[in-house]
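Comments concern the structure below.
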Amino acid sequence: MLVVHGVWAGDGLAFWAESPDGAAGRAKGDAPRPHPFAAAPSAIAAHLGLAGGGPASAPRSAPDGPSSSPADPVPDGAAVRVLELLLPGSAGEPLPSPETGRLAETVRPRLRLWRVPAVVPPAAEALRVLDTHAGSATVRHWAAVAEFARDLVRRGRVVPQLVRDGASGPARESMWALPGNDARAVWRAVLTGADAAYFRELALAMPPACRTAQVERPSGEVLAEALGAFADALVRTALTEPIVARPRTPLDRWLAALTGADSGCPDVPELREELERWHESVTTSEGAATLCFRLVEPDTGDGARPRPDESDRWRVEFALQAADDPSLYVPAARVWAGEPVAGLPHRPERELLAG
């Protein structure tokens, strides 16, 4: 039986596994040392139900021992990598995961780098794995992130974006140069109100093992990357027909790249900046606050019957209420006065006007 773990590898979700039945022994060699109980990529792929493909590409730095073999078959489209993970343990071996059932022998564990072979499937395939395999605490957390992405896409809480691909080299220097695929068309999640609050909860609950590839990255940063990749894959799965069948202009190529497997397209700086402003505007305003009405009964003062004038009239008060914090209730007069209020979006008077 394998205990599968999930760690964000920067550009995709990597699956690695521990084999509780592996031969015990202290790892040898220079640090970072190979994880003594790490499973081979072929065993991971078979356990997760990934269809076998051709031989895997050789890892960038293969660990010693039988836990990794460049010739292990892996699914088509997946990549085999050797990751360096920060895991607690001794100089001889890392602490076993609770799911393995093995007892820890280390009295004073310390964080050390360990090399593990991992399989990094495409985002769409990773979503299928998360939907069908419980795995360890890290896999269960990524399953919650995947379900959050599904909910956002189901409700249409995504916008198209154009992202500059830094790996494609410098921008074109000549206006006459032919546009290449130096950018990517992506779908990006829109997080406001309750969605933004749940995002923060997921970031706080993220196990450190989900984000400890070489260095421990901030959970919010890792979660944003993973949520974006999951949402993009889900939208592409849902859009079965191309938006533009025969792209001719750079704009057409961006629209065409929003569907299908190939997201590469030319970079159009003006379009990219406009799309970024659009995402920022909907993130900082839409749904972050709601317009509230409150019916105020007449003020009777000392309890006597109100005089037959304006004091006996019921009044309607307008206010803004934060969507992710209902206790934040700001009267309209305070909003119109221009007083900044923490928790409300930038220029909250727009919310009052929009209703």
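The table below lists the values:
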quantity	calculated
Output for the range 130-144, where each listed residue is surrounded by 19 or more Cβ atoms within 10 Å (Cβ to Cβ) and touching a strand residue (DSSP E or B) at 6+ places or on another chain (Cβ under 7 Å)	Gly135, Ser136, Thr138, Val139, Trp142
Positions within the range 328-343 being modelled with pLDDT under 75 and in contact with a helix residue (DSSP H, G or I) (Cβ under 8 Å, 6 or more places away or on another chain), in sequence order	Val341
Residues within the range 200-225 that are touching a strand residue (DSSP E or B) at 6+ places or on another chain (Cβ under 9 Å) and farther than 27 Å from Ala261 by Cα, tallied	7
Neighbours by Cβ (under 7 Å, 6+ apart or cross-chain): first from the range 1-14, free of Cβ contacts under 8 Å to residues at least 40 places away in the same chain and of a type in the set (Lys, Arg); second surrounded by fewer than 22 Cβ atoms within 10 Å (Cβ to Cβ) and in a strand (DSSP E or B)	none
Index of the failed condition, Pro32 passing every other in (1) surrounded by fewer than 22 Cβ atoms within 10 Å (Cβ to Cβ); (2) at pLDDT 85 or above; (3) over 23 Å from Arg128 (Cβ atoms)	(2)
Residue satisfying all of: in the range 132-182; outside any helix (DSSP H, G or I), at pLDDT 75 or above and hydrophobic (A, V, I, L, M, F, W, C); nearest to Leu275 (Cα to Cα) among these	Leu162
Subset of the range 242-277 (residues that are free of Cβ contacts under 8 Å to residues at least 24 places away in the same chain, crowded, with 16+ Cβ neighbours inside 10 Å, of a type in the set (Val, Ile, Thr) and more than 23 Å from Ala149 (Cα to Cα))	Val244
Within the range 307-327, tally of residues that are modelled with pLDDT of 80 or more, closer than 19 Å to Glu349 by Cβ and either among the hydrophobic types (A, V, I, L, M, F, W, C) or not in a strand (DSSP E or B) (or both)	4
Some residue of the range 255-268 being at pLDDT 85 or above and in a helix (DSSP H, G or I)	yes
Hits in the range 145-158 - residues which are surrounded by fewer than 16 Cβ atoms within 10 Å (Cβ to Cβ) and either at positive phi or in contact with a helix residue (DSSP H, G or I) (Cβ under 7 Å, 6 or more places away or on another chain) (or both)	Arg150, Gly156
Selection within the range 217-241 - of a type in the set (A, V, I, L, M), over 17 Å from Ala205 (Cβ atoms) and touching a residue at least 60 places away in the same chain (Cβ under 8 Å)	Ala229, Ala231, Ala233, Leu234, Val235, Ala238
Test set (1) touching a strand residue (DSSP E or B) at 6+ places or on another chain (Cβ under 6 Å); (2) farther than 17 Å from His141 by Cα; (3) of a type in the set (Gly, Ala, Ser) - Gly228 fails condition number	(2)
Pro98 surrounded by fewer than 17 Cβ atoms within 10 Å (Cβ to Cβ), at pLDDT below 75, within 30 Å of the chain's Cα centre (by Cα) and not hydrophobic (A, V, I, L, M, F, W, C)	yes
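The values are calculated or read from the model by the stated rules, or taken from the named source; none is laboratory data. Worth saying up front: this structure is predicted, and the values here are computed from it rather than measured. No Cβ is skipped: glycine too gets one built from the backbone with ideal geometry, and neighbour counts run over all protein chains shown.
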